[in-house]
1. Can you pull out every residue in the range 127-142 that is among the charged types (D, E, K, R) and either in contact with a helix residue (DSSP H, G or I) (Cβ under 7 Å, 6 or more places away or on another chain) or assigned to a strand (DSSP E or B) (or both)?
2. Among the residues in the range 149-161, are any surrounded by fewer than 17 Cβ atoms within 10 Å (Cβ to Cβ) and free of Cβ contacts under 8 Å to residues at least 60 places away in the same chain?
3. Can residue 146 be described as at pLDDT 95 or above, within 16 Å of the ligand (Cβ to nearest atom) and in contact with a Lys or Arg (Cβ under 9 Å, 6 or more places away or on another chain)?
4. Given the conditions (1) buried (at least 18 other Cβ atoms within 10 Å of the Cβ); (2) over 24 Å from residue 173 (Cβ atoms); (3) under 15 Å from the mean Cα position of the chain (by Cα), and given that residue 24 satisfies all but one, which numbered condition is not satisfied?
5. If I filter the range 185-201 down to residues being in a loop (DSSP other than H, G, I, E, B) and more than 21 Å from the chain's Cα centre (by Cα), which single residue comes out as nearest to the ligand (Cβ to nearest atom)?
6. Please give the number of the condition residue 130 fails out of (1) crowded, with 17+ Cβ neighbours inside 10 Å; (2) more than 16 Å from the ligand (Cβ to nearest atom).
7. Go through the range 151-184 residue by residue and tally those that are within 16 Å of the ligand (Cβ to nearest atom), part of a loop (DSSP other than H, G, I, E, B) and either in contact with a strand residue (DSSP E or B) (Cβ under 6 Å, 6 or more places away or on another chain) or among the hydrophobic types (A, V, I, L, M, F, W, C) (or both).
8. Consider only pairs whose beta carbons are under 9 Å apart and that are at least six residues apart or on different chains; among these, list those whose first residue lies in the range 183-210 and is closer than 23 Å to residue 160 by Cβ and whose second residue is more than 13 Å from the ligand (Cβ to nearest atom) and of a type in the set (Phe, Trp, Tyr).
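The values are calculated or read from the model by the stated rules, or taken from the named source; none is laboratory data. Keep in mind that what you see is a predicted model, and the values were worked out from it rather than measured. Don't worry about glycine lacking a Cβ; one is built from the backbone with ideal geometry, like all the others, and counts go over all protein chains shown.
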Amino acid sequence: MLDSVKETNPDIRRSPRFELIAGNVCLDFINTLDDRPSTQPKELLKDYYDLARFGEDAGILTSAQVDYFFENVHLRSDEAEDAVRRARNLREALYAIFSAVINRETAPQLAMDRLNANVHDAARHSRLVQHGERCEWRFDDMASSFYAVLWPIARAAANLLASHQLPFVRACSSPTCQWFFLDTSKNHHRRWCSMKQCGNRAKVRKFYAKQKTA
Ligand SMILES: [Zn+2]
């Protein structure tokens, strides 16, 4: 009960639910299917509430926009469910594409088609707005369309795929993790999604392996 009050009160800042470590929203989005290498991956986007919360944590949606969607999920449940379905489809297409990039393989055409469909959708809702001395891209209907959260993700993926940073997309070196991230470290030697999580675990494993052989 307390929780639901907190979720709908825009004055109270919700604490983040998602671990955003990737340095790019489209890679963080891929990581919302957790434990991919295991036989039972964990779905972090179970419903529209999760999807909207991801949008809020990632800075795509404002708290007020999330509140609006939360209040309307029941009234427009078909649209909300379809948005979640589309989100997962986009995510798996992105996973296939960036996996291919990391492995220096050709991305599956079906995944590229799916991303392109989402990029088109984002473009249809895009508009150039003057902001100070320059212009910037804004999205229409961010506050009313259940699909809006997907547009900045598709745009970010397209920009990353077409950028010079693409060779620095990596998967975490832990075989049980494999979260994606953009390695922006100075020497481009980042191996772990986070030092706190997988980096430390690997250090501990190495320590015990050393002790064993000693
Ligand atoms: Zn990891």
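1. Within the range 127-142, 127, 134, 136, 138 qualify.
2. Here is the first cut: in the range 149-161, the ones surrounded by fewer than 17 Cβ atoms within 10 Å (Cβ to Cβ) are 159.
Remaining after also requiring free of Cβ contacts under 8 Å to residues at least 60 places away in the same chain: 159.
For the range 149-161, residues surrounded by fewer than 17 Cβ atoms within 10 Å (Cβ to Cβ) and free of Cβ contacts under 8 Å to residues at least 60 places away in the same chain: present.
3. Numbers: at pLDDT 95 or above: yes; within 16 Å of the ligand (Cβ to nearest atom): no; in contact with a Lys or Arg (Cβ under 9 Å, 6 or more places away or on another chain): yes.
No: the conditions fail for residue 146.
4. It is condition (2) that residue 24 fails.
5. Here is the first cut: in the range 185-201, the ones in a loop (DSSP other than H, G, I, E, B) are 185-194.
Among the residues that remain, those that are also more than 21 Å from the chain's Cα centre (by Cα) are: 186-189.
On the way: 186: 20, 187: 19, 188: 17, 189: 15 Å.
Once the filter is applied, the top-ranked residue is 189.
6. That leaves (1) as the condition not met.
7. Filtering the range 151-184 for residues within 16 Å of the ligand (Cβ to nearest atom) gives 169-183.
From what's left, part of a loop (DSSP other than H, G, I, E, B): 172-179, 183.
Going one step further and asking which of them are either in contact with a strand residue (DSSP E or B) (Cβ under 6 Å, 6 or more places away or on another chain) or among the hydrophobic types (A, V, I, L, M, F, W, C) (or both), we end up with 172, 177-179, 183.
Summing the residues that are within 16 Å of the ligand (Cβ to nearest atom), part of a loop (DSSP other than H, G, I, E, B) and either in contact with a strand residue (DSSP E or B) (Cβ under 6 Å, 6 or more places away or on another chain) or among the hydrophobic types (A, V, I, L, M, F, W, C) (or both) in the range 151-184 gives 5.
8. Close Cβ pairs satisfying both conditions: 183/168; 184/168; 185/168; 188/168; 190/168.
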